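Chemist: Structure provided below as structure tokens; questions to follow.
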Amino acid sequence: MNILFAITTGILFSIGVFLLLRRDLIKVAMGYYVLFTAINLFLLAVGAFNGDVPPYTTMEGQGQQSDPLVQALILTAIVISFGSYALLLGMINIASRRFKTINADEVDELQG
């Protein structure tokens, strides 16, 4: 199961970074969301005790329970990422109306 989490997290990280490097602002926003999803999956994967117990279940027979701190961190990360994603979409909306494009190369005022 750890290999599956590692492969999935790695693929999501690579897709997120790839989309962040695009010039289309909508694709950048999608990459931002995919990257935050990968971070949440990473936090979920590393929250297990000794790699044997998933962080989202309890093992009552073995006397070992999951760590609630990981679940609280993931919930906080979801809320923060949703708020920052809404802010990013608002900024993209304002930029597209102001400059009449969503391509970052065509915006003259962004060049140094």
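Chemist: So which residues in segment 88-102 are under 23 Å from the mean Cα position of the chain (by Cα) and not in a helix (DSSP H, G or I), if there are any at all?
Modeler: Within segment 88-102, just 102 meets the criteria.
Chemist: Here's another thing I want to ask about it. So, residue 45, is that one modelled with pLDDT under 85, surrounded by 12 or more Cβ atoms within 10 Å (Cβ to Cβ), touching a helix residue (DSSP H, G or I) at 6+ places or on another chain (Cβ under 9 Å) and aliphatic (A, V, I, L, M) or not?
Modeler: Details: modelled with pLDDT under 85: yes; surrounded by 12 or more Cβ atoms within 10 Å (Cβ to Cβ): yes; touching a helix residue (DSSP H, G or I) at 6+ places or on another chain (Cβ under 9 Å): yes; aliphatic (A, V, I, L, M): yes.
So residue 45 fits the description; yes.
Chemist: If you take the residues of segment 19-42 that are among the aliphatic types (A, V, I, L, M) and closer than 24 Å to residue 71 by Cα, which of them is modelled with the lowest pLDDT?
Modeler: First, pick out the residues of segment 19-42 that are among the aliphatic types (A, V, I, L, M): 19-21, 25-26, 28-30, 34-35, 38-39, 41.
Of the ones still in play, those that are also closer than 24 Å to residue 71 by Cα are 34-35, 38-39, 41.
Values: 34: 96, 35: 94, 38: 93, 39: 91, 41: 88.
The qualifying residue modelled with the lowest pLDDT is 41.
Chemist: Next question, about the same structure. Within segment 11-27, can you find the residues that are in contact (Cβ under 8 Å) with a residue 24 or more places away in the chain and either touching a Leu at 6+ places or on another chain (Cβ under 6 Å) or not in a helix (DSSP H, G or I) (or both)? Can you show your working first?
Modeler: So in segment 11-27, the residues in contact (Cβ under 8 Å) with a residue 24 or more places away in the chain come out as 12-13, 23-26.
23, 24, listed by residue number.
Chemist: All but one of (1) closer than 25 Å to residue 5 by Cα; (2) modelled with pLDDT of 90 or more hold for residue 97; state the number of the condition that does not hold.
Modeler: The single condition residue 97 does not satisfy is (1).
The values are calculated or read from the model by the stated rules, or taken from the named source; none is laboratory data. Here the structure is a predicted model, which means the values were calculated and not measured. Note that each Cβ is placed from the backbone with ideal geometry, even for glycine, and that neighbours are counted across all protein chains shown.
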